[in-house]
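Nothing in this text is a laboratory measurement; each read-out follows from the coordinates by a stated rule. Predicted model, so just to flag it, every value in this text is computed and none were measured. When we count neighbours, we look across all protein chains shown, and the Cβ atoms used for this are built from the backbone with ideal geometry, even at glycine.
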Amino acid sequence: MSRKTYRQAVSEALRHEMRRDLRVVIMGEDVSGGLGAPGEQDAWGGPQGVTKGLMPEFGRGRVLDTPISESAFIGAAAGAAATGLRPVAELMFVDFMGVCFDQIFNQAAKFRYMFGGRAVTPLVIRTQYGAGLRAASQHSQSLYPIFTHIPGLKVVLPSSAYEAKGLLIQAIRDDDPVVFFEHKALYDDEEEVPDEAYTIPFGEANLTREGSDATIVAFGRMVKFANQVADSLEQDGIGCTVIDPRTTSPLDSDAILDSVAETGRLVVVDEASPRCNMATDIAALVAEHAFGALKAPVRMITPPHTPVPFAPELEDAYIPSPARIEEAVRGVLAAKR
Amino acid sequence: MQLSRDQLLRAYRDMATIRAFEERVHVEFAAGVLPGFVHLYAGEEASAVGVCMNLGDGDVIASTHRGHGHCIAKGCDVKAMMKELYGSVEGLCRGKGGSMHIADLSRGMLGANGIVGGGPPLICGAALSAKVMKTGGVAVAFVGDGGSNQGTTLESFNLARVWELPAVFVIEDNGYAESTASSWAVGGDQLKRAEGFGLPARRVDGHDFFDVHDAAGEAITRARSGGGPSLLHVVLDRYYSHFEGDAGTYRGPGEVDRLRAEKDCLKRFRKRVIESALLGKDQVDTIDREVAALIETSVREARTAAKPSAADVLTDVYLSY
Ligand SMILES: Cc1ncc(C[n+]2csc(CCOP(=O)(O)OP(=O)(O)O)c2C)c(N)n1
Ligand SMILES: [Mg+2]
């Protein structure tokens, strides 16, 4: 056990699995870097340095740099997964799904079903998402609801370093295609992370705070904000349960419904655009299965229905803030029914 | 192609403006005052200017993530560009876009692009507009060596050919895509690839304004007169690393110093026009001073320009909703 960043946690998970299983290969643009260049080899390790050091240990045969051809290499990863390898492909930013989505949702996601259960596709796509780096409209989106919508894909949103390591190892060992969403504003966050390999099962939510007054369901980076809010409300004697579902597909509905049955008050925090996102999905789940328990209307804290803007003043206004979450929790507590 | 004195002065001014803009943005970024992802075009000026000097306001270009040079060469307002980089509401895109999305459709500048390979299909569309509406316009896609491997680019070559579009694809090959050498990542030869799709293709020295200008003139004239699409493979170098913040360790020892000393399109242009008495040294020096003053003013104004307010987040998603 030692303190590790989210970046190191992801990197360690890859290293453990590449050591354990020769079929695990990684591929992506500059995942090593410097290919054909006169200077340093392994110069990048991806845009966040996550995969740096893997090429020297495992060689260019298992750490494959790619041309800028996402459609081809994400598709190749799907094809390789269906034929024996266990590829971990890096889609540098999830926004780039636009140039390769067919290979993900029409190919990898559907093999098993279309082929009558006679295919396995142990593919992992690692990708960065989220706002906060002033990276503007085409490098900041939170597109996980789109992937969640597709039957056949599993979708993972690690909210901290500990979560990232255990969930990525699980993803690599899973036989279905998994899309693994790393929040770009979390890479430097640190916490205690075991040195050895461990897994965190999919579809089992983590209750990061427990309290009986209100339930906050949050995803990815928003879990961090929800925890801050819960800690601050605790000073005022308000107890919140914070639920990190960890995976949007599969979704731990029971954890959410059980908590709402106890608290009767729900706030969902989702960094994705507000229409057809995880917040609407969970609000619908609770409306259908726990309507009687609700003591207040469900509140959904999301960005507005706009692209992610560039200017800091605009982006800060765009991202759901702890202040907005806190206001929503106080709102559901004040509601009378 | 013979260029008039005024054209030569404009060419030098545009190239010098791009260089000064980028050198200054580098400094501002290092000081921590510029938000976001910034990719600098310094070293590649002769390409943008050599191509765009052949274009008018009725012609359209699509740029890349490394877009400042294309913007300036296409006539975008330099002060408004700097304000955009600073995230001001007075910027070219009102602070919504930033460096990677800087655009001005009134100048036929269809945008820098955060998506590698985003531009070529758009340029097929711009060329189609020109063709259907018989404007006589031409559309030009700037694409990096890395972007040349994107399916969208190769599909666009084919579409432009079969639709007989007035389009020109300009592959700016600066030797790298991020840290990966184009000599590794590009299979086959750029000219042969283009020719495989039936596009006439020419390789030019991107450090030489005159070489670029000539070849681009030929391609653009061909497109304008109904001869269809073609491609230029412009070989050049970027002085800075991929983005501001990239240590650039994949480059060879002394590589950048050598490039700056030996492969500088501005120095080469100066030498040629002064030695052949096309322009006087004083004329060129005057431009340098004027450009320096323009950049200084741009930064000063950008620093104090109005910031957007939170309510602006909601504007311009749709025209009506
Ligand atoms: C679809 C897509 N894939 C990857 C990226 C990340 N990316 C941004 S610039 C770049 C390298 C581009 O290289 P090149 O086309 O040669 O242009 P240069 O940077 O050399 O000007 C990459 C991989 C992106 N923005 N879009
Ligand atoms: Mg390049």
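Brief remarks follow.
- All Cα pairs of region B:254-321, percent lying beyond 14 Å: 76
- In terms of surrounding Cβ atoms within a 10 Å radius of their Cβ, A:THR127, B:THR304, A:THR241 rank from fewest to most as B:THR304, A:THR127, A:THR241.
- At R0 = 30 Å, FRET efficiency that the Cβ-Cβ distance of B:SER106 and B:ASP246 yields, to 0.05: 0.35
- Only lysines eight or more places from A:LYS224 in sequence, or on another chain, were considered; those with a Cα closer than 26 Å are A:LYS4, A:LYS154, A:LYS165, A:LYS184, A:LYS295.
- In chain A, the longest principal axis of the Cα atoms and the axis of helix A:278-289 are about 50 degrees apart.
- Taking the DSSP bridge list for chain B and keeping only pairs wholly inside it, about 10 percent are antiparallel.
- 28 Å Cα-Cα threshold exceeded, pairs from A:LYS110/B:LYS96; B:LYS74/B:LYS307; B:LYS192/B:LYS263: A:LYS110/B:LYS96
- Estimated at 0.36 nm per residue, the fully extended path between B:ARG260 and B:VAL132 surpasses their Cα-Cα distance by 41.6 nm.
- Panel order for B:ASP237, B:ASP208, B:ASP77, by other beta carbons found within 10 Å of each beta carbon, from fewest to most: B:ASP77, B:ASP208, B:ASP237.
- Label zone (A:GLU234, point 7 Å along Cα-to-C-beta; backbone nitrogen cut-off 20 Å) within region A:160-188: A:160-163.
- Globularity ratio of region B:1-76, using Cα Rg and 2.2 N^0.38 Å: 1.18
- Cysteines in the protein assembly as shown lacking a second Cys C-beta under 4.7 Å: A:CYS100, A:CYS240, A:CYS276, B:CYS52, B:CYS93, B:CYS124, B:CYS265
- If the chain linking B:SER276 and B:SER309 were pulled fully straight, counting 0.36 nm for each residue of separation and taking away their Cα-Cα distance, it would gain 6.5 nm.
- Kirkwood hydrodynamic radius over Cα pairs of the protein assembly as shown, then Stokes diffusion coefficient at 37 °C and 0.692 mPa s, in µm²/s: 125
- Taking other C-beta atoms within 10 Å as the exposure proxy, B:THR64, B:THR286, A:THR263, B:THR249 rank B:THR286, B:THR249, A:THR263, B:THR64 from fewest upward.
- Fully extended contour minus Cα-Cα distance, from B:VAL27 to B:LYS192, at 0.36 nm per residue: 55.4 nm
- Relative to its residue count, chain B spans a Cα convex hull of 134 Å³ per residue.
- Relative to the longest principal axis of the Cα atoms of chain A, helix A:221-235 runs at roughly 30 degrees.
- Kirkwood hydrodynamic radius over Cα pairs of region A:206-334, then Stokes diffusion coefficient at 10 °C and 1.306 mPa s, in µm²/s: 110
- Relative to the longest principal axis of the Cα atoms of chain A, helix A:253-263 runs at roughly 20 degrees.
- Calculated [θ] (222 nm, deg cm²/dmol) that DSSP helices of n ≥ 4 give over the protein assembly as shown, each run adding -39,500 (n - 2.57): -12000 deg cm²/dmol
- Label-point separation, A:ASN106 to A:GLU40 (7 Å along Cα→Cβ), nm: 4.1
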